[in-house]
Amino acid sequence: MVQEGDYLAVFNSAHRVMKAEHLLKSRDFAILLIPAPRQMMTDCGLALRISPEIKAEVLKVLEEEQLQPAFINRFVGGVYRNEEDLQEDT
């Protein structure tokens, strides 16, 4: 379901994640609403899977609509890592 390099956007509520899903799909973004992996410790239990190719554009739309995710993790090396961890590795 989640492939190496994919991003998962996690929101504070099921309502917000479903609203974001509807907004993004209405704009023809290839995103997918999935159950959040257990290791991500989410309140709502859902996340949006976002490919690296469209991440910047998706986040721009979400910011414009004031629907930013609580956090975003990337699936790298079999684990979900937050943006700060990834920047430390570079």
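The values are calculated or read from the model by the stated rules, or taken from the named source; none is laboratory data. Just so we're clear, the structure is a prediction, and the values are computed from it rather than from any experiment. Because the Cβ atoms are built from the backbone with ideal geometry, glycine has one as well, and the counts that use them run over all protein chains shown.
Pull up the range 34-47, narrow it to residues that are under 17 Å from Arg81 (Cβ atoms) and either in contact with an Asp or Glu (Cβ under 6 Å, 6 or more places away or on another chain) or surrounded by fewer than 16 Cβ atoms within 10 Å (Cβ to Cβ) (or both), then point me to the one that is modelled with the lowest pLDDT. Filtering the range 34-47 for residues that are under 17 Å from Arg81 (Cβ atoms) and either in contact with an Asp or Glu (Cβ under 6 Å, 6 or more places away or on another chain) or surrounded by fewer than 16 Cβ atoms within 10 Å (Cβ to Cβ) (or both), the one modelled with the lowest pLDDT comes out as Met41.
Hey, among the residues in the range 9-28 that are in contact with a helix residue (DSSP H, G or I) (Cβ under 7 Å, 6 or more places away or on another chain) and either hydroxyl-bearing (Ser, Thr, Tyr) or buried (at least 18 other Cβ atoms within 10 Å of the Cβ) (or both), which one's nearest to Val61 (Cα to Cα)? In this case the residue turns out to be Leu24. Annotation note: Cβ proximity below 7 Å between a residue of the range 2-16 that is within 16 Å of Ser51 (Cβ to Cβ) and at pLDDT below 90 and a residue that is among the hydrophobic types (A, V, I, L, M, F, W, C) and not in a loop (DSSP other than H, G, I, E, B) (sequence gap 6+ or interchain) occurs for Val2/Leu8; Val2/Phe75.
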